[in-house]
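Everything below concerns the one structure shown next.
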Amino acid sequence: MSETTPASGAAEAATEPFRYGAALAAEIESRWQDLWEKEGTFNAPNPAGPLAEGADVTAKPHSFIMDMFPYPSGSGLHVGHPLGYIATDVYARYQRMTGHNVLHTLGYDAFGLPAEQYAVTHGIHPRVSTEDNIANMRRQLRRLGLGHDSRRSISTIDPDYYRWTQWIFLQIFNSWYDEAAGKARPIAELIASFESSEREVPGGRDWASLSGVERDEVLSEYRLAYAKEVPVNWCPGLGTVLANEEVTADGRSERGNFPVFKSNLRQWMMRITAYADRLIDDLDLLDWPEAIKLQQRNWIGRSEGARVDFAVGEDNITVFTTRPDTLFGATYMVLAPEHGLVDTVVPAAWPAGIPEAWTGGAATPAEAVAAYRATAAAKSDVERQVEAKVKTGVFTGAYATNPVSGEQVPVFIADYVLMGYGTGAIMAVPAHDHRDFAFARAFGLPMRCVVEPTDGRGEDPAAWDDAFDTYDSVIVNSAQGDLSLDGLRVVDAKARVTAWLTERGIGEGTVNFRLRDWLFSRQRYWGEPFPIVYDEDGAMHALPESMLPVEVPEVDDFSPHTYDADDAASTPKTPLSRNEDWVSVELDLGDGVKTYRRETNTMPNWAGSCWYELRYVDPVNSAKVVDPANEAYWMGPTADKPAGGVDLYVGGAEHAVLHLLYARFWHKVLHDLGHVSSVEPFHKLFNQGMITADVFRDDRGFPVPAAEVEEIDDEFFWNGEKVRREAGKMGKSLKNAIAPDEFADQYGADTLRLYEMSMGPLDVSRPWDARAVVGSFRFLQRLWRNIVSETTGELVVTEEEPDEATLRALHKTIDGMRGDMAGLRFNTAVAKAIELNNHLVKRGSTPRAVAEQIVLLVAPLAPHVAEELWRRLGHEQSLAFADYPVADPAYVVDETVTCVVQIKGKVKARLEVAPSISDADLEALALADPAVVAAIGDAPVRKVIARAPKLVNIVTG
RNA sequence: GCCGGGUUGGUGGAACGGCAUACACGAUCGCCUCAAAAGCGAUUGCCUGAAAGGGCUUGCGGGUUCGAAUCCCGCACCCGGCACCA
C-alpha cells in the first residue's frame, strides 16, 4: 500500500542530483525568501515621510494592491486560504515588472469575536494567542514567497494602530451631517450656531441654559456617532448586541448561530444613514462586480414615495408610502406596536358595533393594545419569521380620516408593520398590496379597487384571491372634490396627488431608506475601548487626542458575560466594567482634575478594518493618520479612478455589505473633514472564488479524514469501511484541510502557486484535486530541464539564434500572457507558458534568448525558480524589477494561417494562406479547392462569405 | 416570492458571433528499469465502422444570422443574496 511520493526520493537524487525536485525547490525557495527579506526587495518608497527614499517617486506610476484583512486564525492556514494572496502577489510582481511602484502588504485584523473565543476556549490571554497566531501565519505566508512590504504590515491590536482607530472615532463623534452642505462638518460649528442663535436649538430652548446632559441629548441627534436607547439585536448566547448586518435572515447570529432578540438598550450608533444617498450614487464611480454593487444598493434600499398625514382627533399620524397614487384605496391604517402615538389615540371604550375579531377579546382598547404588545415583544425574530404568513393585530379603537376621500378608517396595530422602517405607520391599501390584503381578509376589512386590473379579474376585490399589484395600469375610483386621479397612469397619478398634498401641507414627496444606523458598540473585552468618559452628572466627554490611545486594560477575566441562548429577558454586561480601577479615572479635561467613569463598551471588530488601507500607505506616521502627500500619491483621484482609492482589492464576496459598506462610510467622513483626497477607499474590487474539497462521510454522516481515504474502482474506503464522497468547503471540521506547509514539503511553494493559479478563473470556486497538482510540478521540472542539466547542473541553453517558428511561438505567448496578467486571467496565462515550454521540449534545445524571455514570463507566477534560473543565466540582479517581455508585433501574427472553408456552416476543407490575403483571392482559392468542389457537387452556389484570412462560408441552394 | 450568477469531454477548465473541447488531470499503450515509483513518448469528446470514412455534440425548447457555447425569448436544474421594508 505504498503512497505515491513525488520525485524527491533519495535514489533519484543520486542519479539526477540537479533535477528540480522537492528538495531542490525547498533550498531555492528559502534562499530567495531570505534574500528578498534581507534586501527589502518589496519595500515601496513613499513620496514623503520616513518611508521616502530621497528620489522623487511621484513621477513613477503607482499600483496599490490589497487583500482583505485576515483574522489570524488559531488553526493555521489551509491551501484554500492563500488563493487570493497568491493572485495579488502574481499581479503585483507583474506590475512591478511593468514599471509600477507597487504597494502590497498584508496586515492582521486581530480584534473581535473569533480571536476572543479562541482565547477563551484555550484559556490564554487574547493578546498572547493572537500574537502567536499572527507569527504562525506570517511564517506560513512567507513560505509562499509573497512579495509584501513587511514594514507596512500593521495589526489592529497594536496600540499605535488603534490609537488612530480611536482618533477616527473622535472625528466621527465630533461631526454632524450638514444636509444643506451635503457633507459632514465639525460639531463645534453646530454648537457655535446654537450659541449665537443663528440656528434654533430644538425645542426652542436657550443653549446657554442647558445642562451638560441636556446638551448631550441635543447633540446626540446630530452627531455621526451617538449613544442612544434604541431597539437592538441582543444575542444572549454571545453576550453581546449585534449589527443588523451580523444577523442572518432567520434571526440568528451570523457567528455562532444563536437566537437574536429585539431589546431596547442604550448603545453607540453610527449615523451611516446620513450617507445613504452618496453610498448609492458613488457606486457608479467604482470598478466593482455588478453583483456586489447591487447587493449594496439593495441593502441601502432607496425608495421614493411620499409622507402623508392622517388626522386622528387632534393628532396626525404620518405614514410613508411608495404608492401615494393609491391613497383613495386606503381603507384602514396600521401602526407598529411600539409606535409612540398608540397610547395617545386609544379611546377609553370600544366604539359601538365593531366585529368581535377586532378586539382580541379584551374589554377595552387599552387592554387589547397592552396584551398584543406583550405577545409581540415576547416573540423572537425567528418566531416572527416563521409566523410571517399569518397576520395578527388588534384594533386600537381609533379612527383616522383619509385625507383625500374624507372617509373614516379604523386604526390597527400589527407586527407586520415595523417600527424601524419609514414612520412605523402605514396606510393600508388591501386591494393593491399583498400583505394588506391578507390582513384585511383576516379581519374582514373593506377593500377598494383603485388601480384598474389588467388581467380580467374585474373591479370587485371581494372576488379576488390576492391583491392586484402593478405599476402598469391606470387609476380608477379616485375622485373627490377638486382632486381626480381617474384615468391617469401610475407615475402621473403619483405626481398629481403628491402635489395636491404638498399644497395643503398634509404631505410631501420623500425618499426613504431600508438602511438603518450602524450599531457600533459591543459587550466584549477584545476590542478597541471608546475614547469617551462621563462626569459625575453623567455628561459625556470626548478624550483629547493627547490621551490616545485608551489601551485595553489588563483584567483577570476577559470572557464575555453570556447567558442561556434563549434568555430574551437578560441584559448585556460589559467585561470592561468588571475592572473598577480602570473604569474610574482621574483626569484633567480642562477644568481641573476630576473623577470620571470610562465608557465600558468596546468597538465592533469592523472598526479596525474600516480604514486600514490608509495606514498601509503611511504605517509609521505618528503625527497624522496619513500624510496627505502619501495618500494623494497612492490613493488620490485620477482620470482612471475618479473617486480615487486602492487600485485593486481582492477578497471574498461575503463582505459585500458589511466591511465594504462600513469602510466606504468612514472614508467619506474622513474625506468631508479634509483628511483624505480620495472619495472612496477601493477603486477596483475583485471577488475571488473559494477552494472546495472532497468531503468523505461514513454511514452515520460523520466526516472521516480525507487524506486517509482510498479509492478502489470508483468507490471510496476508509479503514476498510465504505464512505461516500461529496463536495464541501475545505476546513478542519470536515477533516479535509491540506496545510500549505505540508504541500510545500512535497512539491514546493512555486508548484502550489502555479497550481492554484491554473485551476480556473480566479472568481469562481473550484475543487482541490490532489492528483492534478503534479501537472504544475511537471511543468516546472520541464522548464528547469530546458535550461539546466539534471545530471551536471550546468546550463544547457544554446547560443544559437532562435528559429522563426520559435520566435513566433515566443512572441505570441508574450502578447497573450501580458493581456492575461493585466486582466487577472492567470489560468490562461499559465496555459500559454506551458505551451511555449512544450514547444521548446519538442524542439530539443533552448536558445538562450528564448530561455531568458520564458523565465521572465513565468517570474510572477513562480518567482523562486525564475529568480534561480535568471541567476544561473548570468544575471546578478533580482528579476523583480526586470522589464516584462514585450512582444514584437511582426512575430505575433503567423506567417500562414489556416483558413477553414465551410459549406452551409460545416467545415469541409482547410487552406494554408497568408494572413494578408484579400477576401476575393481567398474566395477564388476556396472555390478551386478539390475537396470543396467535390463537396459542392452540382448544387448551385448561392452566396459566398469570405472573412480573410480565417474563413470562407459557401452557401449552396 | 424577489434579485443576481451559473450549466461545455471521465474531471478542472479553454474559446474577439467564424476550426468547440486550448492547457492540465485521469485513463490506455509503449520506452526506461531486475522491479516499482518518478521520468519520457504516443493515443484519448461521443456514436458507428476492420479501415478509409460517416454521423452527433456546449442543460432543454424556440428565434436572429451565411454562421450561435457566445446574441434574443421561454423552460428546467444548481449556487449566492434579500425577504412582512409599506
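The values are calculated or read from the model by the stated rules, or taken from the named source; none is laboratory data. In this text the structure is predicted, and so the values were computed from the model without any measurement. Don't worry about glycine lacking a Cβ; one is built from the backbone with ideal geometry, like all the others, and counts go over all protein chains shown.
Between residues in region A:487-516 that are within 22 Å of A:Asn477 (Cα to Cα) and residues that are among the small types (Gly, Ala, Ser) and surrounded by 14 or more Cβ atoms within 10 Å (Cβ to Cβ), which pairs lie under 6 Å by C-beta distance while being six or more apart or on different chains?
A:Thr498/A:Ala306; A:Thr498/A:Gly509; A:Leu501/A:Gly507; A:Gly507/A:Ala306
Can you say whether A:His864 is more than 13 Å from RNA strand B (Cβ to nearest atom), modelled with pLDDT of 95 or more and in a helix (DSSP H, G or I), as far as the supplied structure shows? Working first, answer last.
On the way: more than 13 Å from RNA strand B (Cβ to nearest atom): yes; modelled with pLDDT of 95 or more: yes; in a helix (DSSP H, G or I): yes.
It is true that A:His864 is more than 13 Å from RNA strand B (Cβ to nearest atom), modelled with pLDDT of 95 or more and in a helix (DSSP H, G or I).
Which residues, taken from region A:449-465, are closer than 19 Å to A:Arg323 by Cα and more than 15 Å from RNA strand B (Cβ to nearest atom)?
Scanning region A:449-465 gives A:Cys449, A:Glu452, A:Pro453, A:Thr454, A:Glu459, A:Pro461.
Which residues, taken from region A:674-704, are of a type outside the set (D, E, K, R), in a loop (DSSP other than H, G, I, E, B) and surrounded by 13 or more Cβ atoms within 10 Å (Cβ to Cβ)?
If the condition is that a residue be of a type outside the set (D, E, K, R), in a loop (DSSP other than H, G, I, E, B) and surrounded by 13 or more Cβ atoms within 10 Å (Cβ to Cβ), then A:His675, A:Val676, A:Ser677, A:Ser678, A:Val679, A:Pro681, A:His683, A:Gln688, A:Gly689, A:Met690 are the ones that fit.
Return the pair list, or none, for Cβ contacts closer than 7 Å from residues in region A:891-912 that are part of a strand (DSSP E or B) to residues that are surrounded by fewer than 15 Cβ atoms within 10 Å (Cβ to Cβ) and of a type in the set (Asp, Glu), at least 6 apart or on different chains.
Taking only residues 6 or more apart or on different chains, the pairs are A:Thr898/A:Glu912.
A:Lys842 - would you say it is modelled with pLDDT of 95 or more and either within 8 Å of RNA strand B (Cβ to nearest atom) or charged (D, E, K, R) (or both)?
Working: modelled with pLDDT of 95 or more: no; either within 8 Å of RNA strand B (Cβ to nearest atom) or charged (D, E, K, R) (or both): yes.
Answer is no for this residue.
Among A:Asp34, A:Asp89, which is the only one that is at pLDDT 90 or above, surrounded by 21 or more Cβ atoms within 10 Å (Cβ to Cβ) and of a type in the set (Asp, Glu)?
A:Asp89
In region A:238-251, how many are closer than 14 Å to A:Ala568 by Cα and surrounded by fewer than 21 Cβ atoms within 10 Å (Cβ to Cβ)?
Counting residues in region A:238-251 that are closer than 14 Å to A:Ala568 by Cα and surrounded by fewer than 21 Cβ atoms within 10 Å (Cβ to Cβ) gives 1.
Only residues in region A:826-837 that are in the same structural domain as A:Leu807 (by TED's automatic domain parsing) count as the first member; pair them with residues that are within 6 Å of RNA strand B (Cβ to nearest atom) and not small (Gly, Ala, Ser), Cβ under 9 angstrom, at least 6 apart or cross-chain, and list the lot.
Once the first residue is in the same structural domain as A:Leu807 (by TED's automatic domain parsing) and sits in region A:826-837, its partners that are within 6 Å of RNA strand B (Cβ to nearest atom) and not small (Gly, Ala, Ser) give A:Phe826/A:Pro761; A:Asn827/A:Met759; A:Asn827/A:Pro761; A:Thr828/A:Pro761; A:Ile834/A:Arg782; A:Asn837/A:Arg782.
Restricting to region A:832-854, give me the number of residues that are assigned to a helix (DSSP H, G or I) and within 11 Å of A:Asn786 (Cα to Cα).
Of the residues in that region, 11 qualify.
Please go through region A:813-836 and give me each residue that is more than 8 Å from RNA strand B (Cβ to nearest atom) and among the polar types (S, T, N, Q), ordered by number.
The answer is A:Thr813, and nothing else.
Conditions tested, residue by residue: (1) of a type outside the set (Phe, Trp, Tyr); (2) under 19 Å from the mean Cα position of the chain (by Cα).
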position: A:Gly592; (1), (2): yes, no
position: A:Ala607; (1), (2): yes, yes
position: A:Ala629; (1), (2): yes, no
position: A:Gly652; (1), (2): yes, yes
position: A:His659; (1), (2): yes, yes
position: A:Phe665; (1), (2): no, yes
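If a residue must be in contact with a Lys or Arg (Cβ under 9 Å, 6 or more places away or on another chain) and farther than 21 Å from A:Glu116 by Cβ, how many such residues does region A:230-260 contain?
4
Residues being of a type in the set (Val, Ile, Thr) and in a helix (DSSP H, G or I): count how many of those fall in region A:191-233.
Selection size over region A:191-233: 3.
Out of the helices (runs of 4 or more DSSP H) lying entirely within region A:317-401, which hold 2 or more residues that are within 14 Å of RNA strand B (Cβ to nearest atom) and surrounded by 17 or more Cβ atoms within 10 Å (Cβ to Cβ)?
Of the helices (runs of 4 or more DSSP H) lying wholly inside region A:317-401, those with at least 2 residues that are within 14 Å of RNA strand B (Cβ to nearest atom) and surrounded by 17 or more Cβ atoms within 10 Å (Cβ to Cβ) span A:365-378.
Among the residues of region A:282-312, what is the count of those that are charged (D, E, K, R), assigned to a helix (DSSP H, G or I) and within 10 Å of RNA strand B (Cβ to nearest atom)?
Going through region A:282-312 one residue at a time, the tally reaches 3.
Where residues in region A:923-957 are among the basic types (Lys, Arg) and farther than 11 Å from A:Val900 by Cα, which of them is nearest to RNA strand B (Cβ to nearest atom)?
A:Lys943
Conditions: (1) in a loop (DSSP other than H, G, I, E, B); (2) within 13 Å of RNA strand B (Cβ to nearest atom). A:Arg435 meets all but one. Number of the miss?
(1)
Would you be able to tell me the number of residues in region A:496-527 that are within 20 Å of A:Cys235 (Cβ to Cβ) and away from RNA strand B (no atom under 16 Å from the Cβ)? Walk me through it before giving the result.
Our first condition is that a residue be within 20 Å of A:Cys235 (Cβ to Cβ); within region A:496-527, this holds for A:516-527.
Keeping just the survivors that are away from RNA strand B (no atom under 16 Å from the Cβ) gives A:520-527.
Within region A:496-527, residues that are within 20 Å of A:Cys235 (Cβ to Cβ) and away from RNA strand B (no atom under 16 Å from the Cβ) number 8.
Check region A:749-763 and report whether any residue there is assigned to a helix (DSSP H, G or I) and either at positive phi or surrounded by fewer than 16 Cβ atoms within 10 Å (Cβ to Cβ) (or both). Please lay out each step first, then the result.
Narrowing region A:749-763 to residues assigned to a helix (DSSP H, G or I): A:749-758.
Restricting the remaining residues to those that are either at positive phi or surrounded by fewer than 16 Cβ atoms within 10 Å (Cβ to Cβ) (or both) gives none.
No, the conditions are met nowhere in region A:749-763.
Would region A:417-424 turn up any residue that is assigned to a loop (DSSP other than H, G, I, E, B), within 20 Å of A:Ala357 (Cβ to Cβ) and either assigned by TED's automatic domain parsing to the domain that holds A:Trp234 or touching a residue at least 40 places away in the same chain (Cβ under 8 Å) (or both)? I'd like the intermediate steps shown before the answer.
The initial filter retains those residues of region A:417-424 that are assigned to a loop (DSSP other than H, G, I, E, B), namely A:417-424.
From what's left, within 20 Å of A:Ala357 (Cβ to Cβ): A:417.
Narrowing the set further to residues that are either assigned by TED's automatic domain parsing to the domain that holds A:Trp234 or touching a residue at least 40 places away in the same chain (Cβ under 8 Å) (or both) leaves A:417.
Yes - at least one qualifying residue is present in region A:417-424.
Would you confirm whether any residue within region A:195-214 is within 26 Å of A:Trp518 (Cβ to Cβ), surrounded by 16 or more Cβ atoms within 10 Å (Cβ to Cβ) and in contact with a helix residue (DSSP H, G or I) (Cβ under 9 Å, 6 or more places away or on another chain)?
No, there is no match, as no residue in region A:195-214 is within 26 Å of A:Trp518 (Cβ to Cβ), surrounded by 16 or more Cβ atoms within 10 Å (Cβ to Cβ) and in contact with a helix residue (DSSP H, G or I) (Cβ under 9 Å, 6 or more places away or on another chain).
Go through (1) loosely packed, with under 14 Cβ neighbours inside 10 Å; (2) within 7 Å of RNA strand B (Cβ to nearest atom) one by one and return the number of the condition A:Pro767 breaks.
(1)
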